[in-house]
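First the structure, in the form of structure tokens, and then the observations on it.
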Amino acid sequence: MRHQPLRGSLSRTRTTGRRRTAGLLLTAAALVATAVPAAPALAAPDSTTTASEGRALPYLDPELSTAHRVHDLLGRMTTAEKIGQMTQAERGSVDADPTRITDLNLGSLLSGGGSTPTPNTPEAWADMVDGYQRHALATRLHIPLLYGVDSVHGHGNLAGATIFPHNIGMGATRDPRLVAEEAHITATETRATGPQWVFAPCVCVARDDRWGRTYESFGEDPALVQRMESAIDGFQGTREKDLTRSDRVLATVKHYAGDGDTTYGTSTTGDYTIDRGTTITSHQRFAAVDLAPYVTAVQVHDVGSVMPSYSSVQWTDVPGSQPVKMSASKELLTDVLKRKIGFEGFLISDWDAVTQLPGDFATQVRTSVNAGMDMFMQPYNAAQFEQTLTAEVAAGRVPMSRIDDAVSRILRAKFQLGLFEHPFTDRSHIGTIGSPAHRAVARRAVAASQVLLKNDHRTLPLKPSQRIYVAGVNADDLGNQAGGWTVTWQGQSGNTAFPGTTLLQGIRQQAKDVTYSADATAPTAGHDVGIVVVGETPYAEGVGDVGTGGHTLNLSATDRANIDRVCSAIRTCVVLDVAGRPQIITDQLPQTDAFVMSWLPGSEGAGVADVLFGKRPFTGKLPVSWPRSEAQEPVNIGDAHYDPLFRYGYGLTTGR
Ligand code: GLC
């Protein structure tokens, strides 16, 4: 469990940007890498020269290549300055005394989920990040901060940002261009408020819907996830030339690898059941299912950072194999990802992830650094981390060549982002945050994400003249329709801290005669159509695991009662499911005339009404298989005995 007072919470310089897919086939043999000697340590630092000598210093000359600038700066850094660059703290741990940023030579800060300035406005964000930046620039070599944030469906931490459907809904759109457009808008709204780095997209392949992070996945098919990696292009543009722009950010693919492919019941964290568990698999299958998205993220989309997973991997094709945490796996972090796949960006650990490794803190730190981790998300123990790693380097248990490799990767990103020339927030796009134009794209994404799973008697599209009865809390709750990672880490029912439209408001924009009764107690007589909105309340990470905190795939008793009441009383009955994953609807389906999966639409709930009333056609397709029962999980396309309620890729269409 994570205990924190405040929750929140690449040398490609000479290549032409993205690499063509090297056609790398990761066979089982290929994954067992042959050792390659690390890069030689660079010249001892010349710590007498300081940045105060002005532009004369090569690393401060933007006309020089990134490789040259990295080499020059690295050669000037002390061990303390290098280890500082490898350290990321949560903003909450320095906010009271930002001089700690300078004292600790911190390379990065993050806002965890819900870790926001007060007031939570775009200007306050930019002022906050720029304030921290000033303290980073007060260090001897004036190395600017990287600021990271979880913009996983829009700049979700920011009240007023455009909030898009979570990834599972975007996977249902099957539209890489739309996904890229979403990411570009998200990059614009994020960078305009200060953060230059997002911990997104999750390229997790969700194989068991009992996982609380299923909604963060584009789907169960790695090929679909790869298609949706257009998100990386939306975030970064072309890394070499666009990252300095105020509408682009450094992207992070996560969580490397197999986070969505763990076995139920193997979780090693608190009362989680599957999140942060163990992926029990062969090298061959791991390469095909879990690793494939990372090959394309690196070789096609040139992603700038990768976040290793909390989860572990246990090899079925290696006799006696025991679970190994991803953050400790040199085979997978260095031999496979960096050497075989060719990743030249940097690895950022997950929140305090090293403390989940075996051994004391020194062992945990040493193991993860030597495995290939480059930057460490140490929300509240940055000083301790730095002291520990310094001691490990001094004792010769972590080679300086590994430190230099990590720091070079981090500095390369900072140069590519243009932070040495423009360390402070470019606020030129701040006025576009939550703009009608951005919301229009999100509304279009909501419509495209809707999956029509049943439509008897051509019930849909509805007519504006029909007298409509709407029931269910999820018809009129922005917080529930946005889900986790929205203003707060876990998200929040009844959240009104951000603007948007609920499903009900969308229905009321399209039909004249609408009755709303959250608990379906209002009289049903005299209505032509009953709409019952069922679904989940918000959660994030393992908190949403089935079997944790009462979470289940089954419909709640209230939702079942609402369906029974409305569908037995009104001739035509439509059920909408606002949830982060398929829910068990098998027994209720016969009572309905039409059934729509709405996923977690975000702020623009009116997009659901657009397809309900035929303003836009239904085009969405299931990104995950729909189970007949909770016990049927995991159920995935390609299973030997595949018998879901609705198949992967299923979705009815309606004409305009
Ligand atoms: C969390 C999540 C990760 C997120 C990070 C920072 O634990 O696992 O997805 O990016 O912390 O908030």
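The values are calculated or read from the model by the stated rules, or taken from the named source; none is laboratory data. The model shown is predicted, which means the values in this text are computed figures rather than measured ones. Heads up, the Cβs are rebuilt from the backbone with ideal geometry, glycines too, and the neighbour counts pull from every protein chain shown. Remember, those area values only see protein heavy atoms, side chains included, never the ligands or the DNA or RNA. Shrake-Rupley method; radii C 1.70, N 1.55, O 1.52, S 1.80 Å.
Quick one: count up the residues across the stretch 421-473 that are in contact with a Pro (Cβ under 6 Å, 6 or more places away or on another chain) and either open to solvent by less than 20 Å² (accessible area, probe 1.4 Å) or at pLDDT below 95 (or both).
3
Can you tell me which residues in the stretch 195-210 are assigned to a loop (DSSP other than H, G, I, E, B), more than 9 Å from the ligand (Cβ to nearest atom) and under 19 Å from Pro308 (Cβ atoms)?
Pro201, Val203, Cys204, Ala206, Arg207
Filter the stretch 106-127 down to residues that are of a type outside the set (S, T, N, Q) and either more than 23 Å from the chain's Cα centre (by Cα) or within 13 Å of the ligand (Cβ to nearest atom) (or both), then give me how many there are.
Going through the stretch 106-127 one residue at a time, the tally reaches 10.
So, Arg412, is that one out of contact with any Cys (no Cβ under 8 Å at 6 or more places or on another chain), open to solvent by 40 Å² or more (accessible area, probe 1.4 Å) and modelled with pLDDT of 95 or more or not?
Against the criterion (out of contact with any Cys (no Cβ under 8 Å at 6 or more places or on another chain), open to solvent by 40 Å² or more (accessible area, probe 1.4 Å) and modelled with pLDDT of 95 or more), Arg412 does not qualify.
For residues that are acidic (Asp, Glu) and open to solvent by 10 Å² or more (accessible area, probe 1.4 Å), tally how many sit in the stretch 209-246.
4
Take the residues of the stretch 485-514 that are more than 26 Å from Ser111 (Cα to Cα) and open to solvent by 40 Å² or more (accessible area, probe 1.4 Å): which is nearest to the ligand (Cβ to nearest atom)?
Gln505
Working only within the stretch 296-320, note down all residues that are buried (at least 24 other Cβ atoms within 10 Å of the Cβ) and β-branched (Val, Ile, Thr).
Listed by number, the residues that qualify are Val298, Val303, Val306, Val313.
Counting just the residues of the stretch 211-227 that are under 21 Å from Arg285 (Cβ atoms) and in a loop (DSSP other than H, G, I, E, B), which one comes out nearest to the ligand (Cβ to nearest atom)?
The extreme case among them is Arg213.
For the stretch 606-652, give me the residue count where each residue is surrounded by fewer than 18 Cβ atoms within 10 Å (Cβ to Cβ) and either modelled with pLDDT under 95 or among the hydrophobic types (A, V, I, L, M, F, W, C) (or both).
4
Residue by residue, here is whether (1) within 16 Å of the ligand (Cβ to nearest atom); (2) in contact with a Ser or Thr (Cβ under 9 Å, 6 or more places away or on another chain); (3) under 30 Å from Thr619 (Cα atoms) holds:
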position: Phe361; (1), (2), (3): no, yes, no
position: Gly372; (1), (2), (3): no, yes, no
position: Leu389; (1), (2), (3): no, yes, no
position: Glu392; (1), (2), (3): no, no, no
position: Arg412; (1), (2), (3): no, yes, no
position: Phe415; (1), (2), (3): no, yes, no
position: Pro423; (1), (2), (3): no, no, no
position: Arg443; (1), (2), (3): no, yes, yes
position: Asn455; (1), (2), (3): no, yes, yes
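Looking at the stretch 375-386, I want the residues that are assigned by TED's automatic domain parsing to the domain that holds Val354 and open to solvent by 30 Å² or more (accessible area, probe 1.4 Å) and have a partner that is at pLDDT 95 or above and away from the ligand (no atom under 15 Å from the Cβ) with Cβ atoms under 8 Å, at least 6 apart or on another chain. Which pairs are those?
Gln384/Phe361
What is the number of the single condition among (1) over 23 Å from Met307 (Cα atoms); (2) surrounded by 24 or more Cβ atoms within 10 Å (Cβ to Cβ); (3) under 23 Å from the mean Cα position of the chain (by Cα) that Asn157 does not meet?
The failed condition is (1).
Determine whether Leu347 is open to solvent by less than 20 Å² (accessible area, probe 1.4 Å), within 15 Å of the ligand (Cβ to nearest atom) and under 15 Å from Ala406 (Cα atoms).
Considered against the rule, which asks whether it is open to solvent by less than 20 Å² (accessible area, probe 1.4 Å), within 15 Å of the ligand (Cβ to nearest atom) and under 15 Å from Ala406 (Cα atoms), Leu347 comes out as yes.
Given the residues Ala124, Ala29, Ala89, which is the only one that is at pLDDT 95 or above and in a helix (DSSP H, G or I)?
Ala124
What pairs come out if I take residues in the stretch 253-281 that are assigned to a loop (DSSP other than H, G, I, E, B) and pair them with residues that are at pLDDT below 95 and not hydroxyl-bearing (Ser, Thr, Tyr) whose C-beta lies under 7 Å away, six or more apart or interchain?
Thr269/Met1; Gly270/Met1
Among the residues of the stretch 278-328, count how many are within 17 Å of Glu220 (Cβ to Cβ) and among the charged types (D, E, K, R).
Residues meeting the conditions: 2.
Just checking, does the stretch 313-335 include any residue being in the same structural domain as Arg412 (by TED's automatic domain parsing) and in contact with an Asp or Glu (Cβ under 7 Å, 6 or more places away or on another chain)?
no
Restricting to the stretch 350-359, name every residue that is more than 16 Å from the ligand (Cβ to nearest atom) and of a type in the set (Gly, Ala, Ser).
Gly359
Within the stretch 593-618, which residues are among the small types (Gly, Ala, Ser) and under 22 Å from Leu478 (Cα atoms)?
Ser598, Gly602, Ser603, Gly605, Ala606, Gly607, Ala609
Could you tell me whether Val566 is aliphatic (A, V, I, L, M) and within 16 Å of the ligand (Cβ to nearest atom)?
When the stated conditions are applied, Val566 does not pass them.
Only one of these is more than 19 Å from the chain's Cα centre (by Cα) and more than 14 Å from the ligand (Cβ to nearest atom): Asp242, Asp302. Name it.
Unique residue meeting the criteria: Asp242.
A quick yes/no check of all residues on (1) in a helix (DSSP H, G or I); (2) more than 14 Å from Phe218 (Cα to Cα); (3) away from the ligand (no atom under 15 Å from the Cβ):
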site: Gly160; (1), (2), (3): no, yes, yes
site: Phe164; (1), (2), (3): no, no, yes
site: Gly169; (1), (2), (3): yes, no, yes
site: Ala180; (1), (2), (3): yes, no, yes
site: His184; (1), (2), (3): yes, yes, yes
site: Ala187; (1), (2), (3): yes, yes, yes
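Of the conditions (1) under 26 Å from Thr501 (Cα atoms); (2) within 15 Å of the ligand (Cβ to nearest atom), Ala89 fails just one. Which one is it?
So the condition that Ala89 fails would be (1).
Results for (1) assigned to a strand (DSSP E or B); (2) farther than 23 Å from Gln450 by Cα; (3) over 30 Å from the mean Cα position of the chain (by Cα); (4) not assigned by TED's automatic domain parsing to the domain that holds Gln481, shown as yes or no for each residue.
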position: Phe498; (1), (2), (3), (4): no, no, no, no
position: Gly506; (1), (2), (3), (4): no, no, no, no
position: Gln509; (1), (2), (3), (4): no, no, yes, no
position: Thr521; (1), (2), (3), (4): no, yes, yes, no
position: Ala525; (1), (2), (3), (4): no, yes, yes, no
position: Val533; (1), (2), (3), (4): yes, no, no, no
position: Thr537; (1), (2), (3), (4): no, no, no, no
position: Thr548; (1), (2), (3), (4): no, yes, no, no
position: Arg560; (1), (2), (3), (4): no, no, yes, no
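What do you reckon, is Asp150 more than 16 Å from the ligand (Cβ to nearest atom) and not hydroxyl-bearing (Ser, Thr, Tyr)?
In short, no.
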